[in-house]
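See structure below.
The values are calculated or read from the model by the stated rules, or taken from the named source; none is laboratory data. Just so you know, these numbers come straight off a predicted model, no measurement behind them. A quick note on method: Cβ atoms are made from the backbone with ideal geometry, for glycine too, and the neighbour counts reach across all protein chains shown.
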Ligand SMILES: O=C(O)CCC(=O)C(=O)O
Ligand SMILES: [Fe+2]
């Protein structure tokens, strides 16, 4: 059972982050997820071929190579087709989302939950702020499509900075897990150690997403964290972090970012559906049905499509600090 050691727990408490190796098994835990994404990519390729945007479905190419080929040839990116969360703006009834069983199984993975339990305790809620990110080489990024952190680097931020203030005191743990090797060249994560002891720092809406302005960044060296698939990075909700650029020609840096917290605390995104992932007190309340989880997202999509875009964070680009 992968639980964290006392030394790892101390590092997490003191530094605001810790990398734990060999939590997930690449074959047993990660391969089924990629198999499911092969299916998503295949469907996408077929519809792009049918509309004349690409010349072949490129079936037979390895996933990353195929995705890069499809993006460069069509001149488009498709982050939302793979993501298992919804965008913050303009949700429609047919906004793509992939909420397949392999993804649910990863969110509920017992080894991942053991790690989460060692920080948030035995009553564990899966926070709905969660993403798959497929960071593309520059040549495959559609610059005209608007910047998205799902395909390009992420700016400096604290995770609570992208949530509503209702979650400021919730004990939300971020678990970041690479699906392909994450290197300095292909855009691994980097953290600013010991920044988690500060309060929430002001963030500003930018064209790279919500970000801490340079002038408010603490001095000190960030630590880049190359990681292999199976390892996981734990961060607190206030640890300042970002990701590096993917400078490679032909690698896609694929990662999951997941969040867990004690049951009953606000998630910071009340319009999105979370679920009870583990409960020692009330095991009967644990969601075990991947189809029920998928339905909760499709219902949320319908609800969001029928309403004005809700506010997802508190930051205002007119604030003096953002000038
Ligand atoms: O993968 C990335 O680039 C950013 C991930 C992140 O910010 C997070 O996991 O909270
Ligand atoms: Fe983050």
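Quick one: how many residues across segment 85-131 are more than 16 Å from ligand 2 (Cβ to nearest atom) and within 25 Å of residue 27 (Cα to Cα)?
23
Would you confirm whether any residue within segment 132-141 is surrounded by fewer than 22 Cβ atoms within 10 Å (Cβ to Cβ), within 13 Å of the chain's Cα centre (by Cα) and within 11 Å of ligand 2 (Cβ to nearest atom)?
no
Which of (1) within 16 Å of ligand 2 (Cβ to nearest atom); (2) more than 27 Å from residue 95 (Cα to Cα); (3) in a loop (DSSP other than H, G, I, E, B) is the odd one out, the single condition residue 221 does not satisfy?
(1)
Considering only residues of segment 249-262 that are surrounded by 21 or more Cβ atoms within 10 Å (Cβ to Cβ) and farther than 17 Å from residue 115 by Cβ, which is farthest from the chain's Cα centre (by Cα)? Let's see the steps before the verdict.
Residues of segment 249-262 surrounded by 21 or more Cβ atoms within 10 Å (Cβ to Cβ): 251-256, 258-261.
Filter again for farther than 17 Å from residue 115 by Cβ, leaving 251-254.
On the way: 251: 18, 252: 15, 253: 12, 254: 10 Å.
Step by step, filter segment 249-262, then rank; the result is 251.
Is it the case, given these coordinates, that residue 178 is within 15 Å of the chain's Cα centre (by Cα) and either more than 14 Å from ligand 1 (Cβ to nearest atom) or crowded, with 19+ Cβ neighbours inside 10 Å (or both)?
The answer is yes for residue 178.
Of the residues in segment 139-192, how many are within 24 Å of residue 262 (Cα to Cα), in a loop (DSSP other than H, G, I, E, B) and touching a strand residue (DSSP E or B) at 6+ places or on another chain (Cβ under 6 Å)?
Qualifying residue count for the region: 4.
Considering segment 227-285 alone, what residues qualify as being outside any loop (DSSP other than H, G, I, E, B), more than 16 Å from ligand 1 (Cβ to nearest atom), farther than 30 Å from residue 305 by Cα and in contact (Cβ under 8 Å) with a residue 24 or more places away in the chain?
Matches in segment 227-285: 278 only.
One residue is enough: does segment 207-214 have a residue meeting the conditions more than 16 Å from ligand 2 (Cβ to nearest atom), surrounded by fewer than 15 Cβ atoms within 10 Å (Cβ to Cβ) and not in a loop (DSSP other than H, G, I, E, B)?
Start the filter on segment 207-214 by keeping residues that are more than 16 Å from ligand 2 (Cβ to nearest atom), which leaves 207, 213-214.
Keeping just the survivors that are surrounded by fewer than 15 Cβ atoms within 10 Å (Cβ to Cβ) gives 207, 214.
Pick out the ones that are also not in a loop (DSSP other than H, G, I, E, B) and you get 207, 214.
Yes - at least one qualifying residue is present in segment 207-214.
Suppose the filter is within 12 Å of ligand 1 (Cβ to nearest atom), out of contact with any helix residue (DSSP H, G or I) (no Cβ under 9 Å at 6 or more places or on another chain) and modelled with pLDDT under 95; does residue 190 pass it?
Values: within 12 Å of ligand 1 (Cβ to nearest atom): yes; out of contact with any helix residue (DSSP H, G or I) (no Cβ under 9 Å at 6 or more places or on another chain): yes; modelled with pLDDT under 95: no.
Criteria not met by residue 190.
Do we have any residue at all in segment 215-225 that's in contact with a strand residue (DSSP E or B) (Cβ under 7 Å, 6 or more places away or on another chain), touching a residue at least 60 places away in the same chain (Cβ under 8 Å) and under 25 Å from residue 84 (Cα atoms)?
Within segment 215-225, one or more residues are in contact with a strand residue (DSSP E or B) (Cβ under 7 Å, 6 or more places away or on another chain), touching a residue at least 60 places away in the same chain (Cβ under 8 Å) and under 25 Å from residue 84 (Cα atoms).
Residue 98 versus (1) assigned to a loop (DSSP other than H, G, I, E, B); (2) under 21 Å from residue 296 (Cβ atoms); (3) more than 15 Å from the chain's Cα centre (by Cα): which is the lone unmet condition?
(3)
Taking residue 167 as the residue in question, decide whether it is modelled with pLDDT of 95 or more, away from ligand 1 (no atom under 13 Å from the Cβ), under 18 Å from the mean Cα position of the chain (by Cα) and within 24 Å of residue 316 (Cα to Cα). Steps first, answer last, please.
Numbers: modelled with pLDDT of 95 or more: yes; away from ligand 1 (no atom under 13 Å from the Cβ): yes; under 18 Å from the mean Cα position of the chain (by Cα): yes; within 24 Å of residue 316 (Cα to Cα): yes.
The answer is yes for residue 167.
Residue-by-condition table, conditions (1) surrounded by fewer than 19 Cβ atoms within 10 Å (Cβ to Cβ); (2) within 16 Å of ligand 1 (Cβ to nearest atom); (3) at pLDDT 95 or above:
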residue: 105; (1), (2), (3): yes, no, yes
residue: 108; (1), (2), (3): no, no, yes
residue: 146; (1), (2), (3): yes, no, no
residue: 150; (1), (2), (3): no, yes, no
